[in-house]
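Before any comments, here is the structure.
The numbers here are math on the coordinates, done by the rules we state, and not lab data. Values in this document were obtained by computation on a predicted structure and should not be read as measured data. Methodologically, a virtual Cβ is constructed for each residue, glycine included, from the backbone with ideal geometry; neighbour enumeration extends over all protein chains shown.
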Amino acid sequence: MAGETQKFSFDTVFDAGGGIAFQAPRPKRSYTPEEVEQIRKDCYAEGEKAALASIAAQQQVALAGIAAACNQALPRLAEVAHEHRIGSANLALACARGVAGAALDRFPEAPLQAALESLAQEIEAAPRLTVGAAPELAKRLQPLLTELAGKVGFTGAIQVKPDPELPACAFTLDFGDGQAAFDPEAAAARVTAALEAALAAEGLHAEPLIPGAHTEPEG
């Protein structure tokens with residue numbers, strides 16, 4: 001199939017009388033200094049406009065890449081932050097255990113004293129108070145209990161029973177109508193379990209790493 005023919009156009013067209021009816025403008029071959037300067041400015045402006053458009057497009061691509069990288073990194077940062085919270089909590093527990101252990105070594109009767117003061121109304125009318133404690137602690141409790149009984153208004157009999165199965169600083173109280181007990185290791189275990197449960201419930205949904213941002217873990 002032949003290609004389409006194109007009509008030839010003449011640069012100069014004459015009328016019936018031989019006059020020039022149309023003449024295409026001829027390319028300008030010389031320019032004044034002012035025209036050259038204007039052409040230079042126009043070319044510079046066009047080049048600057050094209051360069052700025054290219055830079056803006058590159059910036060958009062770069063920002064999109066940064067946003068994608070942040071979206072991929074934030075879930076991992078949330079995991080790292082959660083691991084840091086767990087590590088900090090474990091460190092705090094270890095420090096608390098150390099401080100509490102040192103305090104109990106120095107004042108082993110302090111928990112029992114606090115328990116009696118707290119239960120003063122419950123044991124005040126009891127006819128007998130039976131205290132079970134580790135043998136080493138039991139040796140030093142009788143005079144202390146007598147003094148504490150006077151402070152809380154207890155006038156009944158006090159009996160101290162050494163119990164080798166109880167750990168150091170642990171004790172049991174039996175005042176007829178009720179009982180109480182303290183085991184430092186069991187108490188520490190309960191605190192640890194409660195803290196671990198709170199951290200597990202919090203999971204990766206703690207305060208956002210970036211204020212105002214909400215990050216969900218990847219599925």
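Each Lys and Arg Cβ is given +1 and each Asp and Glu Cβ -1; about its Cα centre, segment 108-202 then shows a dipole of about 320 debye. For the peptides 170-179, 48-57, 88-97, the ranking by mean Cβ contacts within 10 Å, running from highest to lowest, is 170-179, 88-97, 48-57. Spatially, segment 52-90 and segment 123-185 are offset by 60 Å when compared through their Cα centroids. Residue-wise HN-Hα couplings along segment 74-81, as the Karplus relation 6.51 cos²θ - 1.76 cosθ + 1.60 with θ = phi - 60° gives them from phi, are 4, x, 5, 5, 4, 5, 4, 5 Hz; Gly and Pro carry x.
Specify which residue in the list V80, C43, C70 is farthest towards the positive end of the charge dipole of segment 30-106, using unit charges on the beta carbon of Lys, Arg (+1) and Asp, Glu (-1), about the Cα centre. Farthest towards the positive end: V80. Neighbours of A138 by Cβ distance under 9 Å: Lys/Arg scored +1, Asp/Glu scored -1, total +1. Peptides 63-69, 190-196, ordered by how many other C-beta atoms sit within 10 Å of their residues on average, highest first, read 190-196, 63-69. State the percent of C-alpha pairs, over all pairs in segment 108-202, separated by a distance greater than 18 angstrom. Looking at segment 108-202, the distances longer than 18 Å represent 47 percent of pairs.
Determine the gain in length on full extension of the stretch E48-R106; use 0.36 nm per residue of separation and subtract their C-alpha separation, reporting nm with one decimal.
Contour length minus the Cα-Cα distance gives 12.8 nm.
Set Lys and Arg Cβ to +1 and Asp and Glu Cβ to -1, take the dipole of segment 111-156 about its Cα centre, and tell me which of A133, S118, G153 lies farthest positive. Ranked along the dipole, the leading option is A133. The value obtained for segment 24-133, namely the Cα convex hull volume divided by the number of residues, is 291 Å³ per residue.
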